[in-house]
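Participant: Take this structure first; my questions come after.
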Amino acid sequence: STISKDSLKTSLLQLECHFTWTLLKKHVSLEALEETILDHIKFLAEYEIRDYNLLSYVYHLKNSNEEALRSLKKAEEAIQKRHPDEIDRRSLVTWGNYAWIYYHMQRFEEAQTYVSKVQNSCKKLSSTAHGKIQLPEIYAEQGWVLLRFGRNYFERAMNCFENALRSEPNNSDFSAGYATAMYRLEGDIQRYGGEVRPCLEALKRAVELNPTDTTVMALLALELQRLNRANEGERYIEEGLKKTPDFPVFLRHAANFYRKKGVVNKAVEILQKALALTPNCVALHHQLGLCYRWKVLQLKKMRYPPKEEMDNLIQLAIFHFKIAIDKKPVFFSAYYDLAGMYAIDKRYEEAEEIYQKMLQRNDLACDEKQDIYFKYGHFQQFHMKSKSKAIKYYIECLKLEIDSYARKKSSEVVETLLNQKIESGLGDATDIGTLGLIHKLSGKKQEAIECYEEAIALDPNNEEYLNALTELRLSI
């Protein structure tokens, strides 16, 4: 009956599982995520329970509910094998997913059975809980899942691991998750601006608690490298290469370390080894593309670059960037990387097509939009040799008022371009008015006022300049 369906829905919303953790499909590429999880299961069996739980959710999002049930069956088998004494406690997320999937399959009796299983277990574990229970391992499972769903979730992931650590401050898994979330957040802040929270201590703590976890060890090395302490960092990379020479996730980070250090041949070698182990890993293809691009840019500095070698490296970079975006259409930075290679290869139409596609997307965050305006401005300035178009897009970047690297650079470049033009005597009212806008957007009110006054002297009836000037004078 419908009544039981409504009350069932209410009970389902009380469960702690992937269906209630607000994980949005638009933030991931399901194919790429599925590959990542399957690779993870293959190389890190000890996390198979939460991997199979997440896999069931991914299959559900792909409309394969039968597959989803098979994954949950595997999760159950793993729970019986790994936690025979705590089956109730360890099954809460798995059972919650079962309930939701049966509900979506319109199999309401079975859904209700799993809801009851969760409710009864929660009652056994705590007299006050109904279907919600604050267990540290559930917080941690949620944290790891949030990390998989990308940058919109890093803050929430960090909070989950913080909650888990409150109950078990020495748990190495929770500690690794917390440090990873902080590292990811910091990388994001470096690219897009924001408040930095140093993650060095968290990473050191995680490595102390579990010296066999080479993934966290690699992140510690990369963090030391970020802090200009690369020699210290390299010791961890070397140790990791001894401990887990065939673990692709570690190898990817190690390659990243060597690429940033400028030892690019070594990075390529490591990436090719990792790619042989996990041929569908998007991140590896992207990293290889970055290595080949680095080599191209090195050759370009020569007076007479060897043409054949250049062409070969350009094609390799394009090949790997293309795989990355084919497999993961939400991988925005890889689109710019591909467009940039097309530009270097003088394939301007293809570059233009990618930029236009990106400019028209409406699923980008504000700082990602700034990125695309800045990159496209750069393309217009240096490849298409159109300063006016470049200025137009740099200004679009400035209009988005988040402090980011792209905005800071746009402001510098556009100011320089306009000043050059004005100083060489080619500047007109529009250029001076534009410079006024730049100053206004950068918060330099006095400079803005001077520019607008000068522009009005040249173009006395310009409404836009008159309004801007009035507004600025009122705001001081």
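Participant: Provide a single number: the residues in the stretch 1-27 that are modelled with pLDDT of 95 or more, hydrophobic (A, V, I, L, M, F, W, C) and open to solvent by 20 Å² or more (accessible area, probe 1.4 Å).
Facilitator: Residues flagged as modelled with pLDDT of 95 or more, hydrophobic (A, V, I, L, M, F, W, C) and open to solvent by 20 Å² or more (accessible area, probe 1.4 Å) within the stretch 1-27 amount to 3.
Participant: Could you please find all residues in the stretch 51-72 being more than 18 Å from W21 (Cβ to Cβ) and touching a His at 6+ places or on another chain (Cβ under 9 Å)?
Facilitator: N65, E67
Participant: Would it be correct to say that Y394 is touching a Ser or Thr at 6+ places or on another chain (Cβ under 6 Å), free of Cβ contacts under 8 Å to residues at least 24 places away in the same chain and part of a helix (DSSP H, G or I)? Before you say what the answer is, go through the steps one by one.
Facilitator: Values: touching a Ser or Thr at 6+ places or on another chain (Cβ under 6 Å): yes; free of Cβ contacts under 8 Å to residues at least 24 places away in the same chain: yes; part of a helix (DSSP H, G or I): yes.
So Y394 fits the description; yes.
Participant: Determine whether the stretch 113-136 contains at least one residue that is within 22 Å of T278 (Cβ to Cβ), touching a residue at least 40 places away in the same chain (Cβ under 8 Å) and hydrophobic (A, V, I, L, M, F, W, C). Before the answer, list the steps.
Facilitator: Here is the first cut: in the stretch 113-136, the ones within 22 Å of T278 (Cβ to Cβ) are none.
No; the residues of the stretch 113-136 include none that is within 22 Å of T278 (Cβ to Cβ), touching a residue at least 40 places away in the same chain (Cβ under 8 Å) and hydrophobic (A, V, I, L, M, F, W, C).
Participant: Examine the stretch 118-136 for a residue that is over 23 Å from R166 (Cβ atoms), within 34 Å of the chain's Cα centre (by Cα) and open to solvent by 60 Å² or more (accessible area, probe 1.4 Å), and state whether such a residue exists.
Facilitator: No.
Participant: Right, another one. Name the one entry in R166, R156, R148, R107 that is surrounded by fewer than 21 Cβ atoms within 10 Å (Cβ to Cβ), of a type in the set (D, E, K, R) and touching a helix residue (DSSP H, G or I) at 6+ places or on another chain (Cβ under 6 Å). Break it down stepwise before answering.
Facilitator: Working: R166 fails: touching a helix residue (DSSP H, G or I) at 6+ places or on another chain (Cβ under 6 Å); R148 fails: touching a helix residue (DSSP H, G or I) at 6+ places or on another chain (Cβ under 6 Å); R107 fails: touching a helix residue (DSSP H, G or I) at 6+ places or on another chain (Cβ under 6 Å).
Every option except R156 fails the conditions.
Participant: Evaluate the following for Y183: is it hydroxyl-bearing (S, T, Y), modelled with pLDDT of 95 or more and farther than 15 Å from S91 by Cβ?
Facilitator: Numbers: hydroxyl-bearing (S, T, Y): yes; modelled with pLDDT of 95 or more: yes; farther than 15 Å from S91 by Cβ: yes.
So Y183 passes the test.
Participant: Could you tell me whether K421 is open to solvent by 30 Å² or more (accessible area, probe 1.4 Å), without any contact (Cβ under 8 Å) to a residue 40 or more places away in the chain, basic (K, R) and in a helix (DSSP H, G or I)?
Facilitator: Numbers: open to solvent by 30 Å² or more (accessible area, probe 1.4 Å): yes; without any contact (Cβ under 8 Å) to a residue 40 or more places away in the chain: yes; basic (K, R): yes; in a helix (DSSP H, G or I): yes.
Answer is yes for this residue.
Participant: On to the next question. Would you check which residues across the stretch 368-389 are within 17 Å of Y192 (Cα to Cα) and open to solvent by 30 Å² or more (accessible area, probe 1.4 Å) and list them?
Facilitator: Listed by number, the residues that qualify are K369, Y373, K375.
Participant: For the stretch 305-332, enumerate the residues that are acidic (D, E) and surrounded by fewer than 15 Cβ atoms within 10 Å (Cβ to Cβ).
Facilitator: Step one: filter the stretch 305-332 for residues acidic (D, E), giving 308-309, 311, 326.
Correct list: E308, E309, D311.
Participant: Search the stretch 48-89 for residues being within 19 Å of K117 (Cβ to Cβ) and of a type in the set (F, W, Y), and hand back the single one that is least open to solvent (accessible area, probe 1.4 Å).
Facilitator: Y57
Participant: Which ones in the stretch 273-304 are surrounded by 14 or more Cβ atoms within 10 Å (Cβ to Cβ) and more than 18 Å from F331 (Cα to Cα)?
Facilitator: Residues of the stretch 273-304 surrounded by 14 or more Cβ atoms within 10 Å (Cβ to Cβ): 273-275, 277-278, 280-296, 299.
If the condition is that a residue be surrounded by 14 or more Cβ atoms within 10 Å (Cβ to Cβ) and more than 18 Å from F331 (Cα to Cα), then K273, A274, L275, L277, T278, Y292, W294, K295, V296, L299 are the ones that fit.
Participant: Then there is this: Under 6 Å by Cβ, and 6 or more places apart or on different chains, what pairs join a residue from the stretch 323-341 that is under 24 Å from H383 (Cα atoms) with one that is of a type in the set (F, W, Y) and surrounded by fewer than 20 Cβ atoms within 10 Å (Cβ to Cβ)?
Facilitator: From residues that are under 24 Å from H383 (Cα atoms), there are no pairs.
Participant: With the condition being among the basic types (K, R) and touching a helix residue (DSSP H, G or I) at 6+ places or on another chain (Cβ under 7 Å), I'd like the helices (runs of 4 or more DSSP H) fully within the stretch 319-390 carrying at least 1 qualifying residues.
Facilitator: Working: elements: 332-344, 348-359, 366-382.
Of the helices (runs of 4 or more DSSP H) lying wholly inside the stretch 319-390, those with at least 1 residues that are among the basic types (K, R) and touching a helix residue (DSSP H, G or I) at 6+ places or on another chain (Cβ under 7 Å) span 366-382.
Participant: Of the conditions (1) surrounded by 13 or more Cβ atoms within 10 Å (Cβ to Cβ); (2) farther than 30 Å from E349 by Cβ, N461 fails just one. Which one is it?
Facilitator: Against the list (1) surrounded by 13 or more Cβ atoms within 10 Å (Cβ to Cβ); (2) farther than 30 Å from E349 by Cβ, N461 comes up short only on (1).
Participant: Just for the stretch 89-136: of the residues that are of a type in the set (V, I, T) and more than 13 Å from S56 (Cβ to Cβ), which one is modelled with the lowest pLDDT?
Facilitator: First, pick out the residues of the stretch 89-136 that are of a type in the set (V, I, T): 93-94, 101, 113, 115, 118, 128, 133.
Subsequent filtering for residues that are more than 13 Å from S56 (Cβ to Cβ) retains 113, 115, 118, 128, 133.
Values: T113: 97, V115: 96, V118: 95, T128: 68, I133: 75.
The extreme case among them is T128.
Participant: Of all residues in the stretch 393-418, how many are crowded, with 16+ Cβ neighbours inside 10 Å and either closer than 23 Å to I344 by Cβ or β-branched (V, I, T) (or both)?
Facilitator: Number of matching residues: 10.
Participant: Also, I was wondering about something else. Quick check, is G194 among the small types (G, A, S), within 23 Å of T20 (Cβ to Cβ) and either touching a residue at least 12 places away in the same chain (Cβ under 8 Å) or surrounded by 24 or more Cβ atoms within 10 Å (Cβ to Cβ) (or both)?
Facilitator: Numbers: among the small types (G, A, S): yes; within 23 Å of T20 (Cβ to Cβ): no; either touching a residue at least 12 places away in the same chain (Cβ under 8 Å) or surrounded by 24 or more Cβ atoms within 10 Å (Cβ to Cβ) (or both): yes.
For G194, the condition - among the small types (G, A, S), within 23 Å of T20 (Cβ to Cβ) and either touching a residue at least 12 places away in the same chain (Cβ under 8 Å) or surrounded by 24 or more Cβ atoms within 10 Å (Cβ to Cβ) (or both) - is not met.
Participant: When the residues of the stretch 431-446 are filtered to those that are in a helix (DSSP H, G or I) and surrounded by fewer than 16 Cβ atoms within 10 Å (Cβ to Cβ), which remaining residue is nearest to the chain's Cα centre (by Cα)? Break it down into steps so the answer makes sense when it comes.
Facilitator: As a first pass, look at the stretch 431-446 and keep what is in a helix (DSSP H, G or I): 431-441, 445-446.
Cutting the leftovers down to surrounded by fewer than 16 Cβ atoms within 10 Å (Cβ to Cβ) gives us 445-446.
On the way: K445: 35, Q446: 39 Å.
Taking the candidates together, the pick is K445.
The values are calculated or read from the model by the stated rules, or taken from the named source; none is laboratory data. Note that the structure is a prediction, hence the values are computed from the model and not measured. Using ideal geometry, Cβ is built from the backbone for each residue, glycine included, and neighbour counts are taken over all protein chains shown. Protein only, heavy atoms only, side chains kept; ligands, DNA and RNA dropped before computing areas. Shrake-Rupley method; radii C 1.70, N 1.55, O 1.52, S 1.80 Å.
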